[in-house]
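Below is one structure, written out as structure tokens; comments come after it.
Nothing in this text is a laboratory measurement; each read-out follows from the coordinates by a stated rule. For clarity, every value in this text was computed on a predicted model and none was experimentally measured. We place every Cβ from the backbone using ideal geometry, glycine too, and count neighbours over all the protein chains shown.
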Amino acid sequence: MESIWTRHQRTVMNGAHIAISAGAALLTVLGAVMATTNPSQVAYEAYATKQLTAYLETKVCSEAPTTFGLRDECRSLLRSNQSQIKKIIADSTQRQNFIFFSVYTTRFSADAIAPNFSISVGSFLPSYRVQTVGAFHRFHVYETAQE
């Protein structure tokens with residue numbers, strides 16, 4: 001004959017086994033979703049191009065003088081050079097793929113933007129490092145630093 005204590009222990013063990021199995025299944029599903037929604041390098045480049053363009057329009061072009069149409073010319077140059085901006089980002093970015101998410105490190109410097117310029121301007125202008133995490137088809141910039 002089975003004691004009440006033994007029956008209670010079996011019920012608790014079955015409940016724990018069910019909880020562990022459900023937790024493992026949930027983690028497996030979450031891992032699969034994260035792996036399939038880990039954004040690609042191409043998606044990051046499109047995102048970073050859009051973000052950089054918006055930043056330059058807001059912080060640089062809006063400060064340009066309106067004399068001779070310089071402010072409008074600045075915005076026009078940004079819009080017409082999207083493929084060049086995207087290439088600079090692609091050439092300046094390193095991706096670390098962790099299957100479930102990716103970390104993108106982009107380094108901007110004057111020498112990276114104009115490598116064939118006869119005089120190196122890199123020593124006069126600051127360089128920047130932007131670190132972004134990508135997961136669930138989204139990006140989040142978590143660090144921007146001047147180097």
Two-decimal Rg to Rh for the range 18-99 - Kirkwood Rh, Cα set: 1.31
Given all pairs of different Cα atoms, what value in angstroms does the Kirkwood hydrodynamic radius of the range 38-146 take? 15.1 Å
Hey, can you rank 130-139, 53-62 by average C-beta count inside 10 Å, highest first? 130-139, 53-62
Least to most buried among 129, 79 (fewest other Cβ within 10 Å first): 79, 129
With each pseudo-label sitting 7 Å past Cα toward Cβ, what's the residue 97-residue 57 distance in nm, one decimal? 3.2 nm
